[in-house]
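Asks: If you scroll down you'll find the structure; I have some questions about it.
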Amino acid sequence: MSRFKLVIEYAGTKYSGWQIQKNAKTIQGELARVIADVAGLNTFELYGSGRTDAGVHAREQVAHLDLSTSLSPDVLLRRVNDALPSDINVVSLKPVSRKFHARHDALSRSYVYQIARRRTAFGKNYVWWVREDLNLRHMRTAAAAFTGMQNFQSFTDDDAEEKSTVVAVHRLELAEDGALILIRVEGSHFLWKMVRRIVGVLVEVGRGGIPVDAVGQFLSQESDIPAKLTAPASGLFLERVYYSEHDPRPPLRGTIDLRFDRES
């Protein structure tokens, strides 16, 4: 039995998230189906670094695969990709130590959210188009309140009695790339809908709908306001999973080239 590390990219629009579910099409389910066909067996383990929700995308999801096969990694990779739907791609598949665990060994994860400042015909599945002008200075000021060890009970549908809602957010940064506003959140782990609610609150601050200091109140006491402001899944990407403190952070840029209107 060999263990392989997979790096996977996918467009999550047509899927009910990463994790296998009954009566639903998922990323893990499609990968497992294809691996079973390619390897000719059903006795293997495919374990992801973490879940992504329905409609959420990934630039670099990581999984480990325990599989007995005579196929070389290059041949296995090629055959798996040939059989996968076009919106899922295994970027790399490499042998690793049996001690490597895609989830337990991860030190942190980063997500990027894409906000479009204009309507787009080609990228609507990968952005949230916000029509109003956004005050980025106010959004950056509000974003600072999220960093550090915080209680995100107001930012998740997870039950606080069943699991801790305390999360360490290491970085939260905003950048502009053409007509895109990009929000990157890096943390130890993430709760269900947490990033989308952070984005929704920041956008509402940018719109002027709530004051900058409201973020601190949402973190210090339970509130139903972040749930009402949940950003759509379309703009969210799992960017990268980090297994070393020395892993470089990629430049913060969009997955689509979205420029403002220009004169020809």
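Asks: Considering Tyr15, Tyr47, which residue is closer than 27 Å to Arg184 by Cβ, among the aromatic types (Phe, Trp, Tyr) and part of a strand (DSSP E or B)?
Replies: On the way: Tyr15 fails: part of a strand (DSSP E or B).
When all the criteria are applied, what remains is Tyr47.
Asks: Which of (1) of a type outside the set (Asp, Glu); (2) surrounded by fewer than 19 Cβ atoms within 10 Å (Cβ to Cβ); (3) modelled with pLDDT of 95 or more; (4) farther than 24 Å from Ile88 by Cα does Ile198 not meet, given it meets every other one?
Replies: Condition not satisfied by Ile198: (2).
Asks: Could you tell me which numbered condition Val96 fails, if it satisfies all but one of (1) under 23 Å from the mean Cα position of the chain (by Cα); (2) of a type in the set (A, V, I, L, M); (3) closer than 28 Å to Ser188 by Cβ?
Replies: Of the numbered conditions (1) under 23 Å from the mean Cα position of the chain (by Cα); (2) of a type in the set (A, V, I, L, M); (3) closer than 28 Å to Ser188 by Cβ, the odd one out for Val96 is (1).
Asks: Just a yes or no: is a residue in the stretch 119-128 buried (at least 19 other Cβ atoms within 10 Å of the Cβ), modelled with pLDDT under 95, under 14 Å from Gly235 (Cβ atoms) and touching a Leu at 6+ places or on another chain (Cβ under 8 Å)?
Replies: Step one: of the stretch 119-128, the residues buried (at least 19 other Cβ atoms within 10 Å of the Cβ) are 123, 126-128.
Checking which are modelled with pLDDT under 95 leaves us with 123.
Cutting the leftovers down to under 14 Å from Gly235 (Cβ atoms) gives us 123.
Still in the running and touching a Leu at 6+ places or on another chain (Cβ under 8 Å): 123.
Yes: one or more hits.
Asks: Would you confirm whether or not the stretch 76-89 contains a residue that is assigned to a strand (DSSP E or B) and either surrounded by 13 or more Cβ atoms within 10 Å (Cβ to Cβ) or at pLDDT 95 or above (or both)?
Replies: Quick first cut of the stretch 76-89, residues assigned to a strand (DSSP E or B) only: 88-89.
Next, from what is left, pick out any that are either surrounded by 13 or more Cβ atoms within 10 Å (Cβ to Cβ) or at pLDDT 95 or above (or both): 88-89.
Scanning the stretch 76-89, I find at least one residue that is assigned to a strand (DSSP E or B) and either surrounded by 13 or more Cβ atoms within 10 Å (Cβ to Cβ) or at pLDDT 95 or above (or both), so the answer is yes.
Asks: Sort out which residues of the stretch 124-143 are of a type outside the set (A, V, I, L, M), assigned to a helix (DSSP H, G or I) and within 20 Å of the chain's Cα centre (by Cα), and write them in order of number.
Replies: Taking the stretch 124-143 and keeping what is of a type outside the set (A, V, I, L, M), we get 124-126, 128-129, 131-133, 135, 137-138, 140-141.
So of that shortlist, the ones also assigned to a helix (DSSP H, G or I) come out as 124-126, 137-138, 140-141.
Of everything in the stretch 124-143, those that are of a type outside the set (A, V, I, L, M), assigned to a helix (DSSP H, G or I) and within 20 Å of the chain's Cα centre (by Cα) turn out to be Lys124, Asn125, Tyr126.
Asks: With the structure loaded, tell me whether Phe218 is part of a helix (DSSP H, G or I), of a type in the set (Phe, Trp, Tyr) and surrounded by 12 or more Cβ atoms within 10 Å (Cβ to Cβ) or whether it fails that test.
Replies: Details: part of a helix (DSSP H, G or I): yes; of a type in the set (Phe, Trp, Tyr): yes; surrounded by 12 or more Cβ atoms within 10 Å (Cβ to Cβ): yes.
Judged against the criteria, Phe218 is a match.
Asks: Looking only at strands (runs of 3 or more DSSP E) that lie completely in the stretch 144-200, which have at least 3 residues being touching a Phe, Trp or Tyr at 6+ places or on another chain (Cβ under 9 Å)? Walk me through it before giving the result.
Replies: Details: elements: 148-151, 166-177, 180-187.
Of the strands (runs of 3 or more DSSP E) lying wholly inside the stretch 144-200, those with at least 3 residues that are touching a Phe, Trp or Tyr at 6+ places or on another chain (Cβ under 9 Å) span 166-177, 180-187.
Asks: Find the residue count for the stretch 55-66, including only residues that are crowded, with 19+ Cβ neighbours inside 10 Å and over 20 Å from the mean Cα position of the chain (by Cα).
Replies: 1
Asks: On to the next question. Which numbered condition trips up Thr52, out of (1) surrounded by 16 or more Cβ atoms within 10 Å (Cβ to Cβ); (2) under 17 Å from Ser2 (Cα atoms)?
Replies: Going through the list (1) surrounded by 16 or more Cβ atoms within 10 Å (Cβ to Cβ); (2) under 17 Å from Ser2 (Cα atoms), Thr52 breaks only (2).
Asks: If you scan the stretch 90-118, which residues turn out to be loosely packed, with under 15 Cβ neighbours inside 10 Å, among the aliphatic types (A, V, I, L, M) and assigned to a strand (DSSP E or B)?
Replies: The one that is loosely packed, with under 15 Cβ neighbours inside 10 Å, among the aliphatic types (A, V, I, L, M) and assigned to a strand (DSSP E or B): Val91.
The values are calculated or read from the model by the stated rules, or taken from the named source; none is laboratory data. Everything numeric in this text was worked out from a predicted model, so none of it was measured. For neighbour counting, all protein chains shown are included, and Cβ atoms are generated from backbone atoms with ideal geometry for every residue, glycine included.
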